[in-house]
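Engineer: Can you read through this structure? Questions will come right after.
The values are calculated or read from the model by the stated rules, or taken from the named source; none is laboratory data. Just so it is clear, the model here is predicted, and its values are computed rather than measured. Note that we place each Cβ from the backbone using ideal geometry, even for glycine, and neighbour counts take in every protein chain shown.
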Amino acid sequence: MIKKFQSSDKYTKYSAIVIVLFSIIVLALTSVYHVSGDGCWHVSASKFMAENKSMPLNEPLGRNEPFWSPPLYHIISAVVYFIFNSFNHNAANFAIKFISPVFGILSLTVSFLLVKKLHSPKIAFYSAIFLSFVPIFIDYSVLSYVESMLTFFVVLSVYLMVKDRIWLSGIAAGLASLTKYNGLFVLPVLFFILYKRHGIRKRLFFDSFFLVIPVLIIAGPWLVRNWLALGNPIWPFLNVLFNGYHIETYAGLTEAIKWGNLFSLNALTSFYLGIFGVPDGNYNSFAFVNIPFVQFAVAIWLIATVIFILPLIMGLFSLRKIKSESNGMLVVWVVSYIALMVIYIINASSSTSRLILPAFPAMALFWSFGLIKLTEYKSVRLFLPKILALIIIGFVFTLFFKFILAAKSWNVYQNDFEWVKGNTPQDSVFIANGQCVPYNIERTSLYAQNGNFEKADYAWVNQKFVLDRKSIYDDKTLNSITRNSNIIYSNPKTGTMIYEIKH
C-alpha cells in the first residue's frame, strides 16, 4: 500500500515538473510574440471596450464586418488593458498578451486533475506530456486568440461534472460558450455523463435542466443580441439557414453549404499540419523558412510528427481492449468536436485544427493509452521514450524558431508603425485593409471602398506587406489612392508609404 502511494506521488511530482516546464515555455514564447492574425482583431476589440466602456458593433476594428464574437475573452482583456494602461501604454500592450498563457496553464492543470480522477497519476502524467508538447496546444497558449480560454472552461465543465457539481459545470459551460460559440459543443459530453450516471430517469431530466439553465443565463443574452442585431444568433456561421446580415467579406463565405470540401485533400492536410504548429495548417508557410537544407529539415520534421502521433493512433485502435468507464465520455467528447469541424468545413473553411483543441484533453488520454500499449513491447520500450524526448525537444526548438522569426518579420516595419503614431493625430482616420495594420498603427482604419475615402485623412500603402495580405490593394484601388493623395512618408527598405488624402 505504501509503495503504491509512493508510486502515485512520484507521477504527481513528475506531472508538476511538466506543468512548470510548459509554463516556462509558453511564458517565454509570449514575451517574444508579436500579436498577429485574428489576434489583431481580438486585441483591437478589447482596447475599444477599455477605452469606450461599451460593446462594439459596427465600429472599424480591422475587419470589414460587425463585431459578432462572444465577448468574454475581450472583456477580460479590456479589464487587463485598462488597469495596466493607467500606468504605462507599452505595459498594457505587453500585459494583454499574457491572458492566453495563463489560461493555457490552467487548462493543462485542470486536464491533469481530470485524468487523475478518471484513471491514475501515471496516465495523467502521460497525458500531461502530450498536452504540454503537442505544438498546437503550445501555439494557442501563446497566441492572442480565444482558444486557450475556451479550452479551459470546456475542460473545467467536464471536470466539475465528473465531480457531480452540475450547477458549477453549467456555469463553466456557459462561460465557454460566452468565449466562443464552440463552447456549446461540450454540452453533449456533459449530457452523456449525466446519462451514464442516471440512465433514462426523472433525475436525468432534472439534472439536465439545472445544467442548461446557467448556460442560457450566461451565453443566451449574447446569442439573442446577435439574432436581434445581425439576424443570426451564431453569425456569421450557417448564415444560409438564418438569412442574417449579409456582407461581402469573410462572412460571405458562410452563406453556402459546400459538401465537396469534406472530400478535399487540403482539409486533411491543413488539419494535420495545424496540429503540429504550421500557421492555419497552410503548407505555403514553409516558404518563409529560410535555412540551409530546408527540404531535408522539413522531411525530418514530418517524420517526427508521424512518430509522435503513433501512440494516439494506437490508443484509438486499442480502445476496445481498455476497460474504462470513461471511454464512452472520451469518444463523445472527440466526436462532438469532429462534428463541429465537419460543419465548419462545409460552411466556412478547411482550416480547422484549432476547432478540435477543446477535445485535446480527451485525445491526450488516447495518446496515453497508446503509449502504454506500445511500451508493452520490450524493443519499443527501450527506444521510444528516448525518441519521443528528442522529438519534444525538436518541437520546442521549432516553436521558438517560428515565434522569433515572426517577431523579427514584424519588427522590420516597426519604424513605419512608430512614424504613424508619432506624426499623425491620434483621432485621424486611415485607409488600411486588413486587421493587423490598424492594430499596429493604433489608428481608426477603414477599408478602401466607396464612401470611406471621404472619411479618411491618410492611407497606408505597402504592396509587399505579406504579413497581412488583405492590406495589399488591387491596381484600381491603388491608382485611386495615389491619384487623390500626397506622399508624406516613404520607407524604401520596407516599401511602406503613407499618403495624405486630398479633400
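Engineer: Of all residues being of a type in the set (A, V, I, L, M) and modelled with pLDDT of 90 or more in the range 445-466, which is farthest from Asn284 (Cα to Cα)? Just the residue, please. Lay out the reasoning, then the answer.
Structural biologist: Taking the range 445-466 as the starting set, the residues that turn out to be of a type in the set (A, V, I, L, M) are 446, 448, 456, 459, 461, 466.
Now drop any that are not modelled with pLDDT of 90 or more, which leaves 446, 448, 456, 459, 461.
On the way: Leu446: 29, Ala448: 27, Ala456: 34, Ala459: 29, Val461: 24 Å.
It comes out as Ala456.
Engineer: Then there's this: Pick out the one residue from Lys476, Lys464 that is over 19 Å from Phe48 (Cβ atoms) and not in a loop (DSSP other than H, G, I, E, B). Can you show your working first?
Structural biologist: Numbers: Lys464 fails: not in a loop (DSSP other than H, G, I, E, B).
Of Lys476, Lys464, the one residue that is over 19 Å from Phe48 (Cβ atoms) and not in a loop (DSSP other than H, G, I, E, B) is Lys476.
Engineer: Follow-up question, since we're still on this one. For Leu405, all conditions in the list (1) buried (at least 21 other Cβ atoms within 10 Å of the Cβ); (2) farther than 21 Å from Ala128 by Cα hold save one; what is the number of the exception?
Structural biologist: With (1) buried (at least 21 other Cβ atoms within 10 Å of the Cβ); (2) farther than 21 Å from Ala128 by Cα applied to Leu405, the lone miss is (1).
Conditions tested, residue by residue: (1) in contact with a strand residue (DSSP E or B) (Cβ under 9 Å, 6 or more places away or on another chain); (2) buried (at least 18 other Cβ atoms within 10 Å of the Cβ).
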position: Glu442; (1), (2): no, no
position: Gly451; (1), (2): no, no
position: Val461; (1), (2): yes, yes
position: Ser480; (1), (2): no, no
position: Ser485; (1), (2): yes, yes
position: Ile488; (1), (2): yes, no
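Engineer: Given the condition assigned to a helix (DSSP H, G or I), within 25 Å of the chain's Cα centre (by Cα) and not aromatic (Phe, Trp, Tyr), answer yes or no: does some residue in the range 367-377 qualify? So that I can check it myself, show each step before the final result.
Structural biologist: Just the residues of the range 367-377 that are assigned to a helix (DSSP H, G or I), to begin with: 367-374.
Then drop every residue that is not within 25 Å of the chain's Cα centre (by Cα), which leaves 367-368.
Restricting the remaining residues to those that are not aromatic (Phe, Trp, Tyr) gives 368.
Yes, some residue in the range 367-377 is assigned to a helix (DSSP H, G or I), within 25 Å of the chain's Cα centre (by Cα) and not aromatic (Phe, Trp, Tyr).
Engineer: Go through the range 13-72 and report how many residues are hydroxyl-bearing (Ser, Thr, Tyr), over 21 Å from the mean Cα position of the chain (by Cα) and assigned to a loop (DSSP other than H, G, I, E, B). I'd like the intermediate steps shown before the answer.
Structural biologist: Step one: of the range 13-72, the residues hydroxyl-bearing (Ser, Thr, Tyr) are 14-15, 23, 30-31, 33, 36, 44, 46, 54, 69.
If we keep only those that are over 21 Å from the mean Cα position of the chain (by Cα) too, we end up with 14-15, 54.
Now restrict to residues that are assigned to a loop (DSSP other than H, G, I, E, B): 54.
Going through the range 13-72 one residue at a time, the tally reaches 1.
Engineer: Counting just the residues of the range 248-281 that are surrounded by fewer than 16 Cβ atoms within 10 Å (Cβ to Cβ) and not in a helix (DSSP H, G or I), which one comes out modelled with the lowest pLDDT?
Structural biologist: The extreme case among them is Thr249.
Engineer: Quick one: in the range 408-434, of everything that is of a type in the set (A, V, I, L, M, F, W, C) and either under 23 Å from the mean Cα position of the chain (by Cα) or in a helix (DSSP H, G or I) (or both), which residue is surrounded by the most Cβ atoms within 10 Å (Cβ to Cβ)? Quick ask: steps written out before the conclusion?
Structural biologist: Within the range 408-434, the first condition is being of a type in the set (A, V, I, L, M, F, W, C), and the residues that meet it are 410, 412, 417, 419-420, 429-432.
Okay, now just the ones that are also either under 23 Å from the mean Cα position of the chain (by Cα) or in a helix (DSSP H, G or I) (or both), so 410, 417, 419-420.
Values: Trp410: 16, Phe417: 19, Trp419: 16, Val420: 22.
So the residue we want is Val420.
Engineer: Can I ask one more? Can you tell me which of (1) under 19 Å from Pro66 (Cβ atoms); (2) in contact with a helix residue (DSSP H, G or I) (Cβ under 7 Å, 6 or more places away or on another chain) is the one Arg225 doesn't meet?
Structural biologist: The number of the failed condition is (2).
Engineer: Continuing with this model, one more query. Do the conditions hold for Arg381, that is, is it more than 28 Å from the chain's Cα centre (by Cα) and surrounded by fewer than 21 Cβ atoms within 10 Å (Cβ to Cβ)?
Structural biologist: Values: more than 28 Å from the chain's Cα centre (by Cα): yes; surrounded by fewer than 21 Cβ atoms within 10 Å (Cβ to Cβ): yes.
Yes: the conditions hold for Arg381.
Engineer: May I ask you to list the residues in the range 215-231 that are closer than 11 Å to Leu178 by Cβ and small (Gly, Ala, Ser)? Write out each step before concluding.
Structural biologist: Residues of the range 215-231 that are closer than 11 Å to Leu178 by Cβ, as a first pass: 215, 217-223.
Within the range 215-231, Ala219, Gly220 meet the criteria.
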